[in-house]
Amino acid sequence: MSTAREIMTPEAECVNAEETVQDAAEKMARLGVGALPICGTDNRLKGMITDRDIVVKVLAQGKEPRSCKAGELAQGEAVTIGADDDAREILNTMASHKVRRLPVIDGHTLVGMVALADVAHALPDAPVGELVSALTTD
């Protein structure tokens, strides 16, 4: 069975927790992605920021993206997957945390990102359908 390392997008970029939400949005636009890992000054993963977070938690709340720090949007411990975890473990983690993207770590080092689409290509249709169902129901 495929591992996260085999199906991930390697060399994921992160936004530093001290960078602004504006910086994060510009990086997302430049990279053509809808989410970025947030890394601290110690290079450890602090969380994720999504384009939806920017709209709902910053713009809709009247906050200024040029002064709001990306790290302010990191909530709790980051949900990750190990580089050598298999595709079924990725599916289980996505389903249990209701996320569509996971940072892939090797030890404490961010090595890539794995998305639902990556897993969908690596597994038969039935398990992927179960994940989609879990992500879209409350």
Can you sort LYS63, LYS69 by 1.4 Å-probe accessible area, starting with the largest?
-> LYS63, LYS69
Residue-normalised value, i.e. accessible area per residue, for the chain at 1.4 Å probe, in Å², stands at 56
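Which entries in the list LYS46/LYS69; LYS69/LYS98; LYS27/LYS98 go over 21 Å, if you measure between the two C-alpha atoms of each? Walk me through the numbers on the way to the answer.
On the way: LYS46/LYS69 13 Å; LYS69/LYS98 25 Å; LYS27/LYS98 24 Å.
Going by Cα-Cα distance, LYS69/LYS98; LYS27/LYS98 fall outside the 21 Å limit.
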For the chain, just run the numbers: alpha carbon Rg, then divide by 2.2 N^0.38 Å, N being how many residues it has.
-> 1.05
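Order the following by accessible area, largest value first: THR41, THR50. Probe radius 1.4 Å; ligands, DNA and RNA are ignored. Could the numbers behind the result be given before it?
On the way: THR41 125, THR50 30 Å².
Largest to smallest exposure gives the sequence THR41, THR50.
Percent of accessible area on the chain owned by carbon and sulfur, 1.4 Å probe? Could you put the intermediate results ahead of the total?
Numbers: 3590 of 7670 Å².
Carbon-and-sulfur percentage of accessible area, whole number: 47.
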Once amide hydrogens are built 1.01 Å from N within the peptide plane, the residues lying 5 or more places from THR20 or on another chain with amide H under 5 Å from its amide H are ALA70
Pairs of Cα atoms under 8 Å, at least six residues apart: use those to get the relative contact order of region 1-42, whole percent.
-> 46
Beyond 16 Å, what percent of the Cα pairs of region 1-77 remain?
-> 49
For the chain, which cysteines have no disulfide-compatible partner, meaning no other cysteine Cβ under 4.7 Å?
-> CYS68
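The values are calculated or read from the model by the stated rules, or taken from the named source; none is laboratory data. What you are looking at is a predicted structure, and each value in this text was computed from that prediction instead of being measured. FYI the Cβ positions are ideal-geometry reconstructions off the backbone, even for glycines, and counts take in every protein chain you see. Please note that ligands, DNA and RNA were not included when accessible areas were found on the heavy atoms of the full protein model with its side chains. Shrake-Rupley method; radii C 1.70, N 1.55, O 1.52, S 1.80 Å.
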